[in-house]
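Worksheet: one structure, shown below.
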Amino acid sequence: MPCGEQFNMYPMDDKHYLQRLISEGEHQQQDFKYRVSDARKLARSVSAFANTDGGRLLIGVRDDGNMSGVRSEEEIYMMHQAAYRYCRPEASIKFDTYHVEGRTIVIATVPPSDRRPICALDEDDRPRAYVRINDENIVASPVHLALWRDSQNARGTMMTYTDAVRQLLDTMNDASLTLNQIVRASRLPRPKVITLLARLVRFNVVQCSHVDQQFVFSLR
């Protein structure tokens, strides 16, 4: 049994507990999965939760909150595949099984990872990292990737007020800009902009938001 896997049986008040969770709807830390038909797609949700604030997948629950239940052993097998085969590195995940009125509901709980990025493999086995924003799984930006690399640097990261930093901050004055807009306006090399933005986000000088299906950066 993979590390972190756990199946629990709960008393007869399972129904009320699940109904309470379902009443919250889908949000940044909760997602409904009516049916598991593709382990790779499920891995995207695992990646997004692990790279953000953690969360839980209610598997066997429709988008409208109806508890339809997990239909087959194959679906349970694909849940395992999502975490242990299609995530790089393997994601930590715990499975709890509930039985309500003859239906099986599985809650997969994913804690925030300290090994970010947790990537999901796409159809060509290419790793891609996701973040969870509201009730959506969004492909992480290059700035997220740089931020995670920086945060795992055992020697720590220093922030120095250089001419490049000043130029970048001047570019962002009173504006919310995408990465490409910042690169064009600042005339700094793209890799340099990504590195500096990641550090400015880490030190709470710049904030990253998701607006109109794209990431934008602005001064705090």
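The values are calculated or read from the model by the stated rules, or taken from the named source; none is laboratory data. All values reported here derive from a predicted model rather than from experimental measurement. Cβ placement follows ideal geometry from the backbone for every residue including glycine, while neighbour counts extend to all protein chains displayed. Ligands, DNA and RNA are stripped out before the accessible areas are found, and what is left, the full protein with its side chains, is counted by its heavy atoms. Shrake-Rupley method; radii C 1.70, N 1.55, O 1.52, S 1.80 Å.
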HN-Hα J couplings of segment 98-114 from phi, Karplus 6.51/-1.76/1.60, θ = phi - 60°, integer Hz, Gly and Pro as x? 10, 10, 9, 6, x, 10, 9, 10, 10, 10, 9, 9, 10, x, x, 8, 9
Starting from the Cα of Arg115, step 7 Å along the direction of its Cβ; do the same at Arg71; then give the gap between the two resulting points in nm. 3.4
Under the Debye formula (equal points on every Cα, no solvent term), log10 I(q)/I(0) of segment 95-220 at q = 0.09, 0.18 Å⁻¹: -0.35, -1.04
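Over every pair of different alpha-carbon atoms in the chain, take the mean of 1/r and invert it; report that Kirkwood radius in Å. Could the numbers behind the result be given before it?
Details: mean 1/r = 0.0528 Å⁻¹.
That comes to 18.9 Å for the chain.
Suppose all protein chains stay in the model; what accessible area per residue would a 1.4 Å probe give for the chain, in Å²?
Numbers: 11930 Å² over 220 residues.
Solvent-accessible surface per residue comes out at 54 Å².
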Relative intensity, log₁₀ I(q)/I(0), of segment 9-64 from a Debye sum that treats every alpha carbon as a point, q = 0.22, 0.28 Å⁻¹: -0.91, -1.16
Per DSSP, loop chymotrypsin sites (Phe, Trp or Tyr not before Pro) in segment 102-201 with at most 13 further Cβ within 10 Å: Tyr161
Where does helix 190-202 land angle-wise versus the long Cα axis of the chain, in degrees 0 to 90, nearest 10? 70
Based on alpha-carbon centroids, what's the gap between segment 48-100 and segment 125-187 in Å, whole number please? 30
Checking Met67, Met172, Met158 against a Gaussian network model of the chain (alpha-carbon springs below 10 Å), the top fluctuating residue turns out to be Met158
Work out from phi, with θ = phi - 60° and the Karplus expression 6.51 cos²θ - 1.76 cosθ + 1.60, the ³J(HN,Hα) of each residue of segment 23-40, listed in order in whole Hz, and give x for Gly and Pro. 4, 6, x, 7, 8, 4, 10, 8, 9, 9, 10, 5, 8, 9, 10, 8, 5, 5
How large is ³J(HN,Hα) for each residue in segment 66-80, as worked out from phi by the Karplus curve 6.51 cos²θ - 1.76 cosθ + 1.60 (θ = phi - 60°), to whole Hz, x for Gly and Pro? 6, 8, 8, x, 6, 8, 8, 5, 5, 5, 5, 4, 5, 4, 5
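Carbon and sulfur: what percent of the chain's accessible surface (1.4 Å probe)? Don't jump to the answer; show the numbers that get you there.
Working: 5520 of 11930 Å².
Summing carbon and sulfur atoms, their accessible area is 46 percent of the total for the chain.
Taking the Cα centre of the chain as origin, work out the dipole magnitude from +1 charges on Lys and Arg Cβ and -1 charges on Asp and Glu Cβ, in debye rounded to 20. Display every interim value, and only then the final one.
Working: 29 positive and 28 negative charges, 202 e Å.
In total the dipole reaches around 980 debye.
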Amide H to amide H under 5 Å from Cys119: which residues, 5+ apart in sequence or cross-chain, H placed 1.01 Å off N in plane? Arg88
Residues of segment 172-198 with backbone N under 20 Å of the label point set 7 Å from the Cα of Thr160 along Cα→Cβ are 188-198
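For the chain, what does the helix formula give at 222 nm: sum of -39500 (n - 2.57) over DSSP H segments with n ≥ 4, over the residue count, nearest 500 deg cm²/dmol?
Numbers: 7 runs with 75 residues, N = 220.
Taken over the chain, the calculation gives -10000 deg cm²/dmol.
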